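Below: the structure, in structure tokens.
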Amino acid sequence: MRFLAKNFLNGMLTIVPIFVAVYVCYKVFTVLDGLLGQYVRPHLDGRYVPGVGLLATVALITVFGWLSTQYVSGRLIRLIDRLLESIPFLKTVYSVAKDTIASLIGEKRSFSKVVLVTLPESGWKCLGFITMDDVGAWHDPLADYVAVYVPQTFQVAGLTLLVPKEQVEVIDMAPEEAMKFILSGGVAARTQKRLPEQ
């Protein structure tokens, strides 16, 4: 019985992570492939190959990126940008989507600084990411504060804290490793190198 239990657990540790990774990649691929794939498929007379929709999506995004750098088309895109930012409700959705994408892949990426935040009463620390260095730009009394996003373990959610700068300690840790540490509840960092003593 112990032999069966041991090998079942080994199988779980081996197979489940592989299954989850493959399943997530498959779902992401399916969604991205279907964005334009549904429009391309009818024109290929049953010869549609999975991945064509994804390639078409990548090509379209690349073309729009190139157009945004050209004089005439760039001005038109900026005009559409200003129009979307002036329509009530739509401007909220648009600006959140735009700023979030820019924070992840833009030149001024957020989530690039991993920090430890000291909780004042207990002295406990939590791991997070600086998303805004200059909070005082929109509220002057918070000039000495920074915005720190603290993800929650085992879910896609989190808290945005406004923290005094002296309670924030930037640490030398890759953002990907920090996110993996937080989302796994610290389990995924067991084999990582130890943080230097302060």
Among the helices (runs of 4 or more DSSP H) contained in the stretch 1-110, which hold 2 or more residues that are closer than 27 Å to A174 by Cβ?
-> 2-40, 52-67, 90-105
Subset of the stretch 124-136, residues part of a loop (DSSP other than H, G, I, E, B) and under 22 Å from L183 (Cα atoms), comes to W124
Picking from V31, V16, which residue would you name as being at pLDDT 85 or above, under 22 Å from the mean Cα position of the chain (by Cα) and open to solvent by 50 Å² or more (accessible area, probe 1.4 Å)?
-> V31
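Name the residue that is modelled with the highest pLDDT, counting only residues in the stretch 105-119 that are over 18 Å from V146 (Cα atoms) and open to solvent by 80 Å² or more (accessible area, probe 1.4 Å). Full working, then the answer.
The initial filter retains those residues of the stretch 105-119 that are over 18 Å from V146 (Cα atoms), namely 105-107.
In the following step, the residues that additionally are open to solvent by 80 Å² or more (accessible area, probe 1.4 Å) were identified as 105, 107.
Details: I105: 70, E107: 60.
Result: I105.
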Does the stretch 59-90 hold any residues that are open to solvent by 90 Å² or more (accessible area, probe 1.4 Å) and among the charged types (D, E, K, R), and which are they?
-> R75, R78, R82
Going through the stretch 136-176 in order, the residues found to be touching a residue at least 40 places away in the same chain (Cβ under 8 Å) and open to solvent by less than 70 Å² (accessible area, probe 1.4 Å) are L161, V163, Q167, V168, E169, I171, M173, A174, P175
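Does T100 fit the bill of being at pLDDT 80 or above and either among the polar types (S, T, N, Q) or farther than 23 Å from K180 by Cα (or both)?
Taking the combined requirement at face value, the residue does not satisfy it.
Would you confirm whether any residue within the stretch 48-58 is touching a residue at least 24 places away in the same chain (Cβ under 8 Å), open to solvent by less than 50 Å² (accessible area, probe 1.4 Å) and not small (G, A, S)? Talk me through it step by step, then tell me what you get.
First, the residues of the stretch 48-58 that are touching a residue at least 24 places away in the same chain (Cβ under 8 Å): 54, 57.
Next, only the ones that are open to solvent by less than 50 Å² (accessible area, probe 1.4 Å) stay: 54, 57.
Still in the running and not small (G, A, S): 54, 57.
Scanning the stretch 48-58, I find at least one residue that is touching a residue at least 24 places away in the same chain (Cβ under 8 Å), open to solvent by less than 50 Å² (accessible area, probe 1.4 Å) and not small (G, A, S), so the answer is yes.
The values are calculated or read from the model by the stated rules, or taken from the named source; none is laboratory data. In this text, all values refer to a predicted model and were calculated from it rather than measured experimentally. Reconstructed Cβ throughout: ideal geometry from the backbone, glycine too, with neighbour counts over all protein chains shown. These accessible areas exclude ligands, DNA and RNA; they are computed on the full protein's heavy atoms, side chains included. Shrake-Rupley method; radii C 1.70, N 1.55, O 1.52, S 1.80 Å.
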